[in-house]
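Engineer: I'd like to ask you about the structure that follows.
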C-alpha cells in the first residue's frame with residue numbers, strides 16, 4: 001500500500017482508531033518527526049496529549065547488524081532476537097564502539113528534542129497509550145519504546161502505523177495490546193518509499209505542534 005503523504009495515512013488510521021477511543025482516556029506518543037504528522041491527527045480528534053519519544057538503533061561496527069536501541073532517556077534495550085550468549089559475545093568484542101554509539105545517538109536525540117520530548121508519567125498512567133510510527137522496518141524502536149513505557153502502568157499499549165515489515169509485526173504482537181497497521185510488506189524498502197510526498201514541516205514546527213496540540217483539538 002502506498003500513500004499520497006502522511007496526512008492521508010493519518011486519516012485512514014483515524015477512521016479505525018478514533019471511533020473506538022474517542023471517549024476513553026488516551027495519550028498519543030510519536031516516534032519521529034514524520035510520526036508526529038500522523039499522531040497529531042489522532043491527538044486532535046481524541047482530545048488528548050501528544051508527546052514524542054525518540055529512539056535510535058545501535059549497530060555492530062562493520063557488521064550491518066542492529067544489536068538494540070536506545071531512547072532519549074538513555075535506556076538501552078537489546079534486540080530480543082539474540083540469545084544471552086550472542087549478546088555477551090557482541091558486547092565482549094564491540095563494547096567500546098557500542099558505548100560510543102550510545103553517547104552519540106543520545107546527544108543527537110537530546111539536541112533535536114530540547115524540552116519537547118519529555119514524557120509526563122501523569123499523562124500516561126492508567127491511559128490507553130497510542131504509539132505512532134510512520135513506518136516500522138524492524139521493530140527495534142518499538143522494543144525500546146515499550147521498555148521505556150513499561151513502568152508507567154498503562155491501561156493499554158496500542159501501536160498505530162501505516163506500514164510495517166513482517167518482523168516488525170511479529171514484535172508488535174509480543175510488545176503491544178492492540179495493533180493498527182494498514183499494510184504489511186515482505187521486502188520493506190524504507191519508510192519514505194511508501195509516501196509519494198515526503199516533505200515534512202521543519203523540526204521547530206513539529207515541536208510547536210506537540211506543545212500546542214490542545215489548541216488544535218477538534
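Engineer: Mind telling me which of 22, 111, 125 comes out most flexible in a GNM of the chain, alpha-carbon contacts under 10 Å?
Structural biologist: Taking springs between Cα atoms under 10 Å, the residue moving most is 111.
Engineer: Considering the chain as a Gaussian network with a 10 Å cut-off on Cα pairs, which listed residue, 164, 147, 97, attains the greatest mean-square fluctuation?
Structural biologist: Sorting by GNM fluctuation, first place goes to 97.
Engineer: Over region 56-113, what number does the Rg to Rh ratio reach, with both radii from the alpha-carbon atoms and Rh per Kirkwood? Intermediate results must be reported in sequence, preceding the final value.
Structural biologist: Values: Rg = 11.4 Å, Rh = 11.7 Å.
When Rh is taken as the Kirkwood radius, the ratio is 0.97.
Engineer: May I have the convex hull volume per residue, in Å³, for the Cα set of region 66-149?
Structural biologist: Convex hull volume per residue, Cα atoms: 111 Å³.
Engineer: When the chain is modelled as a GNM with alpha-carbon springs shorter than 10 Å, which of 180, 194, 23 fluctuates the most?
Structural biologist: Looking only at 180, 194, 23, the largest GNM fluctuation is found for 23.
Engineer: Taking Cα atoms, how many degrees apart are the long axis of helix 84-113 and the longest axis of the chain, rounded to 10 and kept between 0 and 90?
Structural biologist: 40 degrees
Engineer: Pairs of Cα atoms under 8 Å, at least six residues apart: use those to get the relative contact order of the chain, whole percent. Working shown, then result.
Structural biologist: On the way: 404 pairs, mean separation 59.0, N = 218.
Relative CO of the chain lands at 27 percent.
Engineer: With label points built 7 Å along Cα→Cβ from the Cα atoms of residue 183 and residue 47, find their separation and express it in nm.
Structural biologist: 3.4 nm
Engineer: How large is Rg over Rh for region 29-186, taking Rg from the Cα atoms and Rh as the Kirkwood inverse mean of 1/r across Cα pairs? Could the numbers behind the result be given before it?
Structural biologist: Details: Rg = 15.6 Å, Rh = 16.1 Å.
Rg/Rh for region 29-186 comes to 0.97.
Engineer: Can you give me the angle between helix 166-175 and the longest principal axis of the chain, using Cα atoms only, in degrees from 0 to 90, rounded to the nearest 10?
Structural biologist: 80 degrees
Engineer: At 7 Å along the Cα-to-beta-carbon direction for both residue 66 and residue 23, put a label point, then send me their distance in nm to one decimal.
Structural biologist: 3.9 nm
Engineer: Helix 33-46: angle to the longest alpha-carbon principal axis of the chain, degrees 0 to 90, nearest 10?
Structural biologist: 40 degrees
Engineer: Can you give me the relative contact order of region 56-113 as a percent, contacts being Cα pairs under 8 Å and 6 or more apart?
Structural biologist: That works out to 34 percent.
Engineer: Can you classify region 178-218 as rounded, prolate or oblate using the Cα gyration tensor, where a ≥ b ≥ c are the square roots of its eigenvalues, rounded means a/c under 1.5, and otherwise it's prolate if a/b beats b/c and oblate if not?
Structural biologist: oblate
Engineer: Let me ask something additional. Note the full-extension length gain between residue 218 and residue 59 as 0.36 nm times their separation in residues minus their Cα-Cα distance, in nm to one decimal. Each step should come with its number before you reach the end.
Structural biologist: Values: separation 159, 0.36 × 159 = 57.24 nm, distance 4.15 nm.
Full-extension gain reported as 53.1 nm.
Engineer: I want to check the label-to-label distance for residue 15 and residue 110. Put each point 7 Å from Cα in the C-beta direction and report it in nm to one decimal.
Structural biologist: 4.4 nm
Engineer: Expressed in nm to one decimal, what extension gain is obtained for the pair residue 86 and residue 199 from 0.36 nm per residue of sequence separation less their Cα-Cα distance?
Structural biologist: Result for the pair: 36.7 nm of gain on full extension.
Engineer: Return the ratio Rg/(2.2 N^0.38 Å) for region 97-212, where Rg is computed over Cα atoms only.
Structural biologist: 1.15
Any read-out appearing in this document is the output of simple, stated calculations on the displayed coordinates, not a laboratory observation. Keep in mind the model is a prediction, meaning the values are calculated, not measured. Virtual Cβ from ideal backbone geometry, glycine too; neighbours counted across all protein chains shown.
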